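What follows is calculated from the coordinates using simple rules that are stated; it is not laboratory data. Just so it is clear, the structure is predicted and the values come from calculations on it, not from any experiment. Glycine gets a Cβ as well: all are built from the backbone with ideal geometry, and neighbour counts include every protein chain shown.
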Amino acid sequence: MSRITACMSDLKLRHRKALVPFVTAGDPQPDVTVPLLHAMVQAGADMLEIGVPFSDPMADGPVIQAACERALRHHITLHRVLDMVREFRERDDTTPVILMGYLNPVEVWGYADFAKAAAAAGVDGVLTVDMPPEEAAELAGAFRENGIDTIFLLAPTSDSERMRKVGEMASGFLYYVSFKGVTGANRLDVQAVKAKLTELRRHTQLPVGVGFGIRDGASAAQVAQIADAVVVGSVLVNKVAEFADQPAVIPAQVAGIVADLRAAMDAAG
């Protein structure tokens, strides 16, 4: 059983929903990332999503695009991201770690070699934004052979056939994007998301996480009522940017937001 599956199962038994914060590796500088990951876990994160910096992050809005630019100034590569995960694992062998990124660096590395290296570093899941399920069999196979969950995005435009296909190929959980567009926008319609999740659950037994548009405790609590996991990114990355010239305080600043999100989700039941 993967760490992701074990985490989701444990949370279900405790009638809790997963809080999954997202940050970009190496933002604003490399030595901030691992302390930030630990701080978020201590503040109540159940799983961690780490963005792999990329020069053309097409699914991301300006906040995360800027984070990628800051990280790339320090030459943060996919190899260096795995080094960060490996360092995180020296103190935390429990919290699931998910990499979110784009296909090009993985293709350059090679599917099988990357999957083996990621597993050795302690990665539990990979979300490759621009890899459609119709073309993902080889990549998903490499991940499966190395005990890594393959996570796919689904969107409001996903039809029943796409849901079925993704449900068959994915593992760990499914990531539902709450609206059409890029990260960081403020267009969350919880009732529309609820209706789509009802449809999606006809095609899969996997847990479903929801991201995009979750900006505060109130919206996190609303989504926690209908989803199995709440993914929060831009508001955290914004806080990193706010204190980019004071990197030592970033873990505590971001952890404060994570703690508020966790408290709001728990209060909502």
Residue list for the stretch 44-69, restricted to those being out of contact with any Gly (no Cβ under 9 Å at 6 or more places or on another chain), within 26 Å of LYS116 (Cβ to Cβ) and crowded, with 22+ Cβ neighbours inside 10 Å
LEU48
Filter the stretch 12-34 for residues that are in a helix (DSSP H, G or I) and in contact (Cβ under 8 Å) with a residue 60 or more places away in the chain; which is surrounded by the most Cβ atoms within 10 Å (Cβ to Cβ)?
VAL32
Residues in the stretch 237-253 that are in a helix (DSSP H, G or I), within 19 Å of PRO62 (Cβ to Cβ) and not basic (Lys, Arg): how many?
5
With buried (at least 24 other Cβ atoms within 10 Å of the Cβ) and either of a type in the set (A, V, I, L, M, F, W, C) or touching a residue at least 40 places away in the same chain (Cβ under 8 Å) (or both) as the only criterion, which of LEU82, LEU72, LEU37 stands out?
LEU37
